[in-house]
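Since the structure comes first, as structure tokens, the remarks are kept for the end.
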Amino acid sequence: MTYRVEPGLHRDVAKFGGGDVTTCMNCGTCTATCPQSAETGGFPRRIIHLLQVGHREKLAGSLEPWLCYYCGDCSESCPRDANPGETMMAARRYLTGMYDWTGLGKRFYVSTWWEIGAIAAVGLFTVGLFALFHGPVVTGRVELNTFAPVKWVEIGDWIMGGVLAFLLLSNGWRMSRWVMGAGKGVDVPFSLYLRKLPAFFAHFATQKRWRECEGPKTRWLKHFLLVTGYLTMMMLVIVGLRWFQTDEIVPFYHPTRLLGYYAAAALLYVTGDFLLGRLRRKDGIHKHSEPTDWVFLVLLGLAALTGILVHAFRLLGLPLATYSTYVAHMAIVVPMLVVEVPFGKWGHMFYRPFAAYLAAVKQGAAEAASLGPSRAA
Amino acid sequence: MIGKRIGAFLCHCGGNISDYVDEEKVRAAVEKESGVAVAKTFLFACSEASQEEMIRTIREEKLDGIVIASCSPKLHLDTFRAMARRSGINRYMYTQVNVREQCSWAHRHEREEATEKAIRLVRAGVAHSRLGVPLTDLRIETTPAALVVGAGVAGMRAALALSDMGIAVYLVEQAARVGGRVPAWGKMFPNDREGAEIVDTLLQAIRRRENITLFTGAEVVEKRGSVGDFSVKVRAADGTEEIALRVGAIVVATGFDPYLPAAGEFGYGAPGVVTLPEFRELLPAAEGKLRYRDREVRNIVYIYCVGSRQAAAKENPRPNLYCSRYCCTAAVHTALLAAGVDAGVNQYHLYRDMRTYGKNEILFEEAGRKGSVFLRYPDDAPPVVERPGGELLVRVRDVLLGGEEIGIPADLVVLVTGMAPRENANLVNVLKLPVGAGGFFNEIHPKLRPVETMIDGVFISGAAQGPKTLAESVASSLAAVSKGAALLLKGYVDLSPLVAKVDTEACAWCGECGNACPYDGAVERVRQGGKEVAYVHPALCKGCGGCVPVCPAEAVGLEGYTNDQVKAMIDALVREIV
Amino acid sequence: MAKAAPSAGNRPKILVFSTNTISDPGIDLAGSQHMSYSPSVKVISVPCSGGIHPNWVLYALEAGFDGVFIAADGGDCACLPDCTARTARIVERAQGLLKERGSDPRRVKMAAICSVCSEPFVSHMRQFTEALSKL
Ligand SMILES: Cc1cc2nc3c(=O)[nH]c(=O)nc-3n(C[C@H](O)[C@H](O)[C@H](O)COP(=O)(O)OP(=O)(O)OC[C@H]3O[C@@H](n4cnc5c(N)ncnc54)[C@H](O)[C@@H]3O)c2cc1C
Ligand code: SF4
Ligand code: SF4
Ligand code: SF4
């Protein structure tokens, strides 16, 4: 069956940002310069062309947007100034919206007010929970665990984590359906999915493909700091909260303190640096900032800042300041996780390694298919 | 004839010849040739002093003809012919022998043999001059008026330019209105001027000229005479009136026909499938939204190269192989006009190669910026237009998707049709216009003589000559004007007398020469001395010699290259040197 | 008078018919570029190769030439649009006449020589000279 294209798809995608899709003359200079495209030889031109033509099916099944790390080399080389790198970014946003079955993701990308509204609502909801259910307020000394008993907070953490995991996995399931459907005819045994699973974690932890990008390795390094800082924070607050949130002041070298400092320093440094970069619009890739990019960086920076302040106030023995900063911290962290992880830019952290994983599965299946007959012979 | 006194002048060319050829030996040998009255050598035959001395010798020795052995005739034939005339002998009694390019320079290591060859070559030249006859150029007084056929923009512009130079112009247009194709296009690339407005401006200017006579609804039905002095007849289309005109030159600017697809070719004939010209006529009416048959148009698909760059096939044995040049640019420009009406309309361009050459490239880029999508299809798999369930669907193999087929839903399919040669059999017959392989009129040489035809005094211009944009059409029409005016303003044309001539005694009229001659009217059957013989019209003969080899009686010969002359030269070339 | 090269007298005599505006300038160019070919090659130039009489070819061979080479215009001819085809017919007729007289038709040869075809001309001359020596 001939696929019927959707005229004007590029206009839809333009709502998610992106370069001048129809300005592209399909010359392929971008693909030739892209350091990531070497294996597939297709993107970004192919993605742009799919958008121009209106081939939604192929776009939905494509992993290529996730293989791009937005180094911006392509945009620098484009003779038409069509900004292919930005279009790749828009394609990722579009795909995130498409994978998400709730439809909220798309809403948040297309409308900043929806996104800010959702963040505000979840934040206020969090504040409301504390207002209603907080424990006794001890003013003589800092007793955070009395104000917000760790076991309740932990329960809240787990509920939230469960919801997030459910959303991500169900969206990931949708994504894999499209992607694997696009490689028609290749039979993928379930065991292959299991065997390739380590690829997911390797990419998740290191984002190692990024290092293949030309240019300063500092971007990769910053990204690494960001991800590890973020993960450390997640581990501390979700898995290790009972050791982390204590009223006892542990010695300086205690692992929870060291890890906490690392996370706060890394996050503050990187978000500060990125924010400055966007403000100055110095290099090509930071010329275009969508509102979502700002929201994401600001939330992260504030989360790190309030987190370290809670710690500082506690060390200084300022009970009220500690409690209120703690609530503020929660009112930032919770919406950041609830809104940004499944529906926003933090989703990329999941989809990217997931895409690398699916690519590995596909490749494995293709290899098996090409080996199959020869083995039989 | 045997009594002719020939002078042989040998040039050293400052050593270019004498370094490799023993000139003194040549002189001595040639001097002994019968008919040679005097043989001399010169350091530089072309120098002023040498020419003076040659003139003196010609006069003193009462020579009838001369031979100069020097460089290639491409360099100095005219120089020495002019010198011959100054000395008082006929310029066609001069023969140039090429002993430099074709002797001394080509045989630099064989002095002995080169010298022998030079002797033989000069002898052949002497033989040629001895058998030569004095000839005079055929001078034709030119009529200072021109006929321009076709009042499209190319023809109108030609008429004005000729009129500027004081040449009277008869501008003959077949249709009831002037302007040709252009008024139908609305805004035209490259500067968005209205076609109708351009035509109107030209027409106003033509009306103000007293020396331009415009005939509309008229046709050229007869042409006689030759360059500089043609008699033509122009007849009103309804046959009521006929006018005889005399003109010195003719400019043909009869334009083209838009290619008309066959029924079913790319779905042509189905509602919603239109040609580019048809779409251009729809456009000006559109405001705010594009509509076709009362339906809003959201998606337009353009299919390029329809009727151009065709491959031969069973159903199309005479394909249009050429690229129509104008259409890529016209299509992207049309897309810009459509986007100007409704910026939200989706436009797909299915092309083979994008040929928006020169400044038109800007339009191509602009079309992309305004939302046009360009998609390349393979040469051997053109798109297919279908109407499943009443909706138009264009199936096309997308080269960038590895040739995978996609279907594009369309409200309007625009066939970007090329230019076809205009059906003009009568005119071709009347003017004897040479038609090229593609069906357009043919110039003599595409690079060096781009607007002249094999018919002296008849020039071609505009899209009649091959696919052209308007700017290119006008450029070629002005080129035709400058060639035509050069002819007319001089007041006369001198035609070369080196044309075919019939020996009426030997001729028994078999008609072969007439059949072999490609020039209309050059060979005529006449009665002479009680029998029918062939007569070659010196003003119409081009001196190619095509009739010479077909004559069984060896009765036709070209002046300057007669059977006797060639045979005498052959003899002279082989005769032993004693 | 001892010479390394065979004297022109021993080399096959070739008559070339060239054309004023196309092949003759090509032959001139060979000389201008100081390429060399046998001095036993002689050239007569005419307006168009479509105007060469087959009888001239015959006449030249009977008069003492060993071969006749027609340097035709190719597709560039401004005189006769079908000049190449005409020239080919002339060559055929000349070859027919030669056969009738018991001569070898390979003594006539035709090739298109353009106005810058100096090298092709020289190599044609070399080949034709060799071919004629073997006859
Ligand atoms: C759809 C389309 C869009 C175009 N858009 C553009 C554009 O935007 N810009 C641009 O530069 N070019 C454009 N062109 C090209 C342009 O139309 C031509 O370059 C131009 O028309 C050529 O002018 P012409 O005078 O040579 O021929 P024509 O316009 O064809 O005029 C020829 C005239 O000769 C007359 N005629 C023909 N035969 C005879 C005869 N036997 N006796 C007397 N009269 C005769 C005809 O009636 C006609 O009036 C377009 C072409 C097409 C098809
Ligand atoms: S370099 Fe620019 S114009 Fe060329 S294919 Fe890439 S985006 Fe398109
Ligand atoms: S931004 Fe970098 S990685 Fe992404 S497509 Fe462009 S060149 Fe490739
Ligand atoms: S100009 Fe373009 S559309 Fe027209 S024939 Fe040439 S390539 Fe085809």
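For this structure, a couple of remarks:
- Top-ranked residue in the stretch A:29-57 [being surrounded by fewer than 19 Cβ atoms within 10 Å (Cβ to Cβ) and in a loop (DSSP other than H, G, I, E, B); ranked as farthest from the other protein chains (Cβ to nearest Cβ)]: A:Pro35
- Some residue of the stretch C:24-39 being under 14 Å from B:Pro549 (Cβ atoms) and facing chain B (nearest Cβ under 7 Å): no
- Residues that are under 11 Å from the mean Cα position of the chain (by Cα) and within 7 Å of chain B (Cβ to nearest Cβ), drawn from the stretch C:40-50: C:Lys42, C:Val43, C:Ile44
- Yes/no for B:Ala343 being without any contact (Cβ under 8 Å) to a residue 60 or more places away in the chain, more than 10 Å from ligand 4 (Cβ to nearest atom) and within 19 Å of B:Pro277 (Cα to Cα): no
- Residues that are loosely packed, with under 13 Cβ neighbours inside 10 Å, in contact with a helix residue (DSSP H, G or I) (Cβ under 7 Å, 6 or more places away or on another chain) and within 19 Å of A:Ala331 (Cα to Cα), drawn from the stretch A:122-154: A:Val137
- Within the stretch A:334-369, the residues that satisfy the criterion of being over 13 Å from A:Gly97 (Cα atoms) and among the basic types (Lys, Arg) are A:Arg352, A:Lys362.
- Subset of the stretch A:58-88 (residues that are more than 13 Å from chain B (Cβ to nearest Cβ) and either more than 28 Å from A:Arg4 (Cα to Cα) or within 16 Å of ligand 1 (Cβ to nearest atom) (or both)): A:Tyr69, A:Tyr70, A:Cys71, A:Gly72, A:Asp73, A:Cys74, A:Ser75, A:Glu76, A:Ser77
- Lone qualifier among C:Arg126, C:Arg86 - being in contact with a Leu (Cβ under 8 Å, 6 or more places away or on another chain) and charged (D, E, K, R): C:Arg86
- Reported count of residues in the stretch A:6-16, each being in a loop (DSSP other than H, G, I, E, B) and either of a type in the set (A, V, I, L, M) or crowded, with 21+ Cβ neighbours inside 10 Å (or both), is 2.
- Any hit, the stretch B:232-241, residues being assigned by TED's automatic domain parsing to the domain that holds B:Gly340 and on the phi > 0 side of the Ramachandran plot: no
- Residues of the stretch B:294-334 that are of a type in the set (Asp, Glu) and free of Cβ contacts under 8 Å to residues at least 12 places away in the same chain: B:Asp294, B:Glu315.
- Flag for B:Arg291 being farther than 17 Å from B:Ala420 by Cα and in contact (Cβ under 8 Å) with a residue 24 or more places away in the chain: no
- Residue count for the stretch A:239-259, restricted to those that are part of a helix (DSSP H, G or I) and either within 15 Å of A:Leu225 (Cβ to Cβ) or of a type in the set (D, E, K, R) (or both): 3.
- Subset of the stretch B:548-567 [aliphatic (A, V, I, L, M), more than 10 Å from every other protein chain (Cβ to nearest Cβ) and under 16 Å from C:Val46 (Cα atoms)]: none
- Scanning the stretch A:155-190 for residues that are among the β-branched types (Val, Ile, Thr) and modelled with pLDDT under 85, we see that the one that is surrounded by the most Cβ atoms within 10 Å (Cβ to Cβ) is A:Val188.
- Qualifying residue in the stretch B:401-409 (condition: buried (at least 20 other Cβ atoms within 10 Å of the Cβ) and either in the same structural domain as B:Asn191 (by TED's automatic domain parsing) or of a type in the set (Gly, Ala, Ser) (or both)): no
The values are calculated or read from the model by the stated rules, or taken from the named source; none is laboratory data. Note that the coordinates shown come from a computational prediction; the quantities given were computed from them, not determined experimentally. Backbone-built Cβ (ideal geometry, glycine too); neighbour counts: all protein chains shown.
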